[in-house]
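In what follows, a structure is listed as structure tokens, so that the remarks can point back to it.
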Amino acid sequence: MRFSIPDMICGHCTGTIETAIRGLDPSARIDCNLDAHTVRVETVLDPSVVIAAIEEVGYGVTQI
């Protein structure tokens with residue numbers, strides 16, 4: 001699944017997002033692209049759970 005996160009602008013942002021997702025699924029594969037402001041996630045979690053985790057740490061997110 002892929003997500004657009006417009007406010008993701010630095011390494012701290014990507015680390016925060018990765019930590020939030022891995023807190024729910026430690027085996028998730030996460031690829032953050034700062035230039036495109038997107039995150040690709042391979043996980044067993046439902047997309048709505050991933051979105052909620054990202055929003056909980058303060059980022060607006062849309063599944064694409």
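Quick check: at a probe of 1.4 Å, how many percent of the accessible area of the chain sits on carbon and sulfur atoms?
Within the chain, the accessible surface is 51 percent carbon and sulfur.
Please report the relative contact order for the chain, taking Cα pairs under 8 Å with a sequence separation of at least 6, and give it as a percent rounded to a whole number.
48
Compare the Cα positions of Val44, Pro6, Val57 along the charge dipole of the chain (+1 at Cβ of Lys, Arg; -1 at Cβ of Asp, Glu; about the Cα centre) and return the one farthest towards the positive end.
Of the candidates, Val44 comes out farthest on the positive side.
Work the Kirkwood hydrodynamic radius out for the chain: mean of 1/r over every pair of different alpha-carbon atoms, inverted, in Å.
Numbers: mean 1/r = 0.0891 Å⁻¹.
One over the average 1/r among Cα pairs gives 11.2 Å for the chain.
Could you work out [θ]222 nm for the chain from helices alone, using -39500 (n - 2.57) per DSSP H run of at least four and dividing by all its residues? Round to the nearest 500 deg cm²/dmol.
Result for the chain, helices only: -10500 deg cm²/dmol.
Using only Cα atoms, find the angle between the long axis of helix 11-22 and the longest principal axis of the chain, and express it within 0 to 90 degrees, rounded to the nearest 10.
10
Could you do me a favour and compute the accessible area per residue for the range 1-50, 1.4 Å probe, result in Å²? Can you show the working numbers first?
Numbers: 2820 Å² over 50 residues.
Accessible area per residue, the range 1-50: 56 Å².
The values are calculated or read from the model by the stated rules, or taken from the named source; none is laboratory data. These figures come from a predicted structure and were not determined experimentally. Ideal geometry is used to build each Cβ from the backbone, glycine not excepted, and the neighbour counts take in all protein chains shown. Just the protein is used for accessible areas: all its heavy atoms, side chains included, with ligands, DNA and RNA removed. Shrake-Rupley method; radii C 1.70, N 1.55, O 1.52, S 1.80 Å.
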